[in-house]
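Reading through the structure tokens given below for one structure.
The values are calculated or read from the model by the stated rules, or taken from the named source; none is laboratory data. Small disclaimer: the values here were computed from a predicted structure and weren't measured. Ideal geometry is used to build each Cβ from the backbone, glycine not excepted, and the neighbour counts take in all protein chains shown. With ligands, DNA and RNA removed, areas are computed over all heavy atoms of the protein, side chains included. Shrake-Rupley method; radii C 1.70, N 1.55, O 1.52, S 1.80 Å.
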Amino acid sequence: MSVTEPVPTPVLRLAAASFGYSDRVVVSHVDLTIEPGDVIALLGPNGSGKSTLVRGILGLAEHLGGEVEFFGVPRDRFTDHTRIGYVPQRHSLSASVRATAEEVVAVGRLSHRPWWKPAGTADAAIVRKALATVGLGDRMKTDVSTLSGGQQRRVLIARALASQPDILVMDEPTAGVDVASQHVLADVLHHLAEQGTTMLIVTHELEALELIVNRIVCLRDGVIDFDGSPTAYAAHELAHEPGHHHHLHVTAPDHHDTGPLRSPQVVPKPKGGEHA
Amino acid sequence: MPDFLGYSFMQQALVAALLVGIAAPLVGVFLVQRRMSLIGDGMGHVALAGVAIGLLTNTQPVLTALAAAVVAAVAIELIRLRGRTSGDIALAVMFYGGIALGVVLISQSSASSPANLTAYLFGAILTTSSSDLVIFAGLAVVVLAVTLTLRTRLFAVANDEEYARATGMPVTALNLTLAILTAVTVVVSMRVVGLLLISALMILPNATAQILGRSFRTALAWAVVVGVLSSVLGVIGSYYAGTPSGGSIVLLAIAAYLVVAVLAAVRDRLAAARHRRAERHDHEHGPECGHEAIPHDDHVDYLHDGHRHAPHEGHYDEHATSAGGPS
């Protein structure tokens, strides 16, 4: 991922995009540009359309209008799927038969080779490295169904990393994860962010990711309600609904002085008649 | 040399049993993984209608059964794809309609007898013609080749369909392929185990293998071993005892499952008696956790305040604390 080019192609560009299911529009008129190196938390209350937006971007929910482009290529003509690493929610994994962490992560390599070709030694090495990156190098041969919730998330992150993507799209990676795993998970994400990995993280627990994200996008009732730096977001939240924070507090006292690790790259764009 | 190997019909029967014993668990594991264990049963019901049409019209029953089962397979996948709750009812109509139509049509056929119907329902490999066996063998080899080539992709789709779709895998095409592989396996196995019992040979060896294996790969290998042993020994047993091959094979597969399940339960009880949980801690051991890592058989122990912690499900176990190194 290079950020040295004068005008890098955006990783993702949405222009007036709408997504939903059948004819029901869930999110509408979304304008969003993700540049290489962005680490974005996509926030919003339950039912605000966060998951539908992410699923729509990935082609899992219907694209009902507007433009969606990956690396400058319209979504319907985009075929280079290895460049997008998707980390779904944990319950998407079937646990009906035995499968080791290594076997699940190896799935991330499939889109790199034709259907008739078996995995090679290079694939095995990449799988091993991906599991080591998420701190599960010693659990390769473990049946994933015996791992803890947080460890299963990290297996899913490793699977996405094994496809060597240019952006990681994660759906609620920290939800319902035990404390020990939450620390490791935060370290893994921090490490990836430091390496310049572009990430779009759907979450309602900003606190766990506060030191990692450099941009916050907030959805409310299917439209983008805020897009800007974590600092600007804190101000926006205070002005928006005093005393009714539906997100966890960005301005928790113990983190207030540290602030975001990276300087904000995006100018806040308050919408919907806000005068924050 | 045992005397049965001298008969050409027994040689053919054993080749057929071997092929079915490999193919049925190999395809079946993906049905188990997708929690569609009983779908093969339904396809068998519909295949019976195909057999009946073949007998009535004097066409090869194998071919009409194959056509009926493949049509059913595609219909099942399309119903599933639409994801309606009424899909269940649609499947029930199709499956019971298939078997009812089969029974009624066969009763009208002059060429058939109740014994004929029983042979299709419960398997009668020793009375199968060698021309049929050649077709079965050819189809079985195709099923094996396709399943083995596509196994990592079939695994990926069954393991996490949403991820497979998001990464651009042809999920619908792969699901249709699996459905058609299942249909072909049902028809290939119909003379060996019978249309009412074929699902058992797809599922039971996998149930046994899930206890024996520790990964998808090793479990699949065990499933094939159990499948082949059940079908080959079942055919030999039916030769000596004069029993229908299908029932004999399935009883052997069940016996294998029960023996393995009981032994595993005993082993787990013994392990639980020796099992000592470590104290709870919020720290997660890992390669970079700072605690000394000690390889121990198939896992890694971590030296924590002088005792060894081994990850076990959601907690840590105390393992041997002797300073003698890994045992």
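What tally of residues in the stretch B:275-292 results from selecting those that are of a type in the set (Gly, Ala, Ser) and either surrounded by fewer than 16 Cβ atoms within 10 Å (Cβ to Cβ) or within 10 Å of residue B:309 (Cβ to Cβ) (or both)?
Just the residues of the stretch B:275-292 that are of a type in the set (Gly, Ala, Ser), to begin with: B:278, B:286, B:290.
Next, from what is left, pick out any that are either surrounded by fewer than 16 Cβ atoms within 10 Å (Cβ to Cβ) or within 10 Å of residue B:309 (Cβ to Cβ) (or both): B:278, B:290.
The qualifying residues number 2.
A quick yes/no check of all residues on (1) closer than 25 Å to residue B:197 by Cβ; (2) modelled with pLDDT under 95; (3) not assigned by TED's automatic domain parsing to the domain that holds residue B:27:
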position: B:79; (1), (2), (3): yes, yes, no
position: B:82; (1), (2), (3): no, yes, no
position: B:85; (1), (2), (3): no, yes, no
position: B:95; (1), (2), (3): yes, yes, no
position: B:109; (1), (2), (3): yes, yes, no
position: B:113; (1), (2), (3): yes, yes, no
position: B:131; (1), (2), (3): yes, yes, no
position: B:142; (1), (2), (3): yes, no, no
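Quick one: in the stretch A:57-79, which of the residues that are β-branched (Val, Ile, Thr) and within 11 Å of another protein chain (Cβ to nearest Cβ) is nearest to residue B:170 (Cα to Cα)?
A:79
Quick check on residue A:164: is it in contact with a Lys or Arg (Cβ under 6 Å, 6 or more places away or on another chain), more than 10 Å from every other protein chain (Cβ to nearest Cβ) and under 30 Å from residue B:148 (Cβ atoms)?
no
Among the residues of the stretch B:151-167, write down those that are surrounded by fewer than 22 Cβ atoms within 10 Å (Cβ to Cβ) and among the β-branched types (Val, Ile, Thr).
The one that is surrounded by fewer than 22 Cβ atoms within 10 Å (Cβ to Cβ) and among the β-branched types (Val, Ile, Thr): B:152.
Does any residue of the stretch B:249-262 turn out to be without any contact (Cβ under 8 Å) to a residue 40 or more places away in the chain, among the aliphatic types (A, V, I, L, M), surrounded by 18 or more Cβ atoms within 10 Å (Cβ to Cβ) and out of contact with any strand residue (DSSP E or B) (no Cβ under 6 Å at 6 or more places or on another chain)?
So far as the stretch B:249-262 goes, yes, one or more of its residues are without any contact (Cβ under 8 Å) to a residue 40 or more places away in the chain, among the aliphatic types (A, V, I, L, M), surrounded by 18 or more Cβ atoms within 10 Å (Cβ to Cβ) and out of contact with any strand residue (DSSP E or B) (no Cβ under 6 Å at 6 or more places or on another chain).
Is it the case that the stretch B:202-209 has a residue that's closer than 30 Å to residue A:157 by Cα and open to solvent by less than 20 Å² (accessible area, probe 1.4 Å)?
Taking the stretch B:202-209 and keeping what is closer than 30 Å to residue A:157 by Cα, we get B:206-207, B:209.
Remaining after also requiring open to solvent by less than 20 Å² (accessible area, probe 1.4 Å): B:206, B:209.
Yes, the stretch B:202-209 contains a residue that is closer than 30 Å to residue A:157 by Cα and open to solvent by less than 20 Å² (accessible area, probe 1.4 Å).
What about residue A:64, is it open to solvent by 30 Å² or more (accessible area, probe 1.4 Å), modelled with pLDDT of 90 or more and more than 20 Å from residue A:212 (Cα to Cα)?
yes
Does residue A:54 satisfy the condition of being closer than 28 Å to residue A:194 by Cα and either more than 11 Å from chain B (Cβ to nearest Cβ) or buried (at least 23 other Cβ atoms within 10 Å of the Cβ) (or both)?
yes
Return the pairs, sorted by first residue and then second, in which the second residue is outside any helix (DSSP H, G or I) and open to solvent by less than 20 Å² (accessible area, probe 1.4 Å), the first residue lies in the stretch B:210-233 and is in the same structural domain as residue B:157 (by TED's automatic domain parsing), the beta carbons are less than 6 Å apart, and the residues are 6+ apart or on different chains.
Going by the 6 Å Cβ cut-off, the qualifying pairs are B:215/A:100; B:216/A:99; B:219/B:213; B:222/B:213.
Is it the case that some residue within the stretch B:13-27 is open to solvent by 40 Å² or more (accessible area, probe 1.4 Å) and without any contact (Cβ under 8 Å) to a residue 40 or more places away in the chain?
The first filter runs over the stretch B:13-27 and keeps only residues open to solvent by 40 Å² or more (accessible area, probe 1.4 Å), leaving B:15, B:18, B:22.
Within this subset, residues satisfying the condition of being without any contact (Cβ under 8 Å) to a residue 40 or more places away in the chain are none.
There is no residue in the stretch B:13-27 that is open to solvent by 40 Å² or more (accessible area, probe 1.4 Å) and without any contact (Cβ under 8 Å) to a residue 40 or more places away in the chain.
Being at pLDDT 90 or above and farther than 18 Å from residue A:89 by Cα is the filter here, so list the residues in the stretch A:197-211 that pass it.
Across the stretch A:197-211, the qualifying residues are A:197, A:198.
All but one of (1) surrounded by fewer than 17 Cβ atoms within 10 Å (Cβ to Cβ); (2) of a type outside the set (Gly, Ala, Ser); (3) at the interface with chain B (Cβ under 10 Å from one of its Cβ atoms) hold for residue A:121, so report the exception by its number.
If we test residue A:121 against (1) surrounded by fewer than 17 Cβ atoms within 10 Å (Cβ to Cβ); (2) of a type outside the set (Gly, Ala, Ser); (3) at the interface with chain B (Cβ under 10 Å from one of its Cβ atoms), just (3) comes out false.
Looking only at the stretch A:156-179, how many residues end up being open to solvent by 10 Å² or more (accessible area, probe 1.4 Å), assigned to a helix (DSSP H, G or I) and in contact (Cβ under 8 Å) with a residue 12 or more places away in the chain?
1
Inspect the stretch A:73-83 for any residue being open to solvent by less than 40 Å² (accessible area, probe 1.4 Å), touching a strand residue (DSSP E or B) at 6+ places or on another chain (Cβ under 8 Å) and in contact (Cβ under 8 Å) with a residue 24 or more places away in the chain and give the result as yes or no.
No, that holds for no residue.
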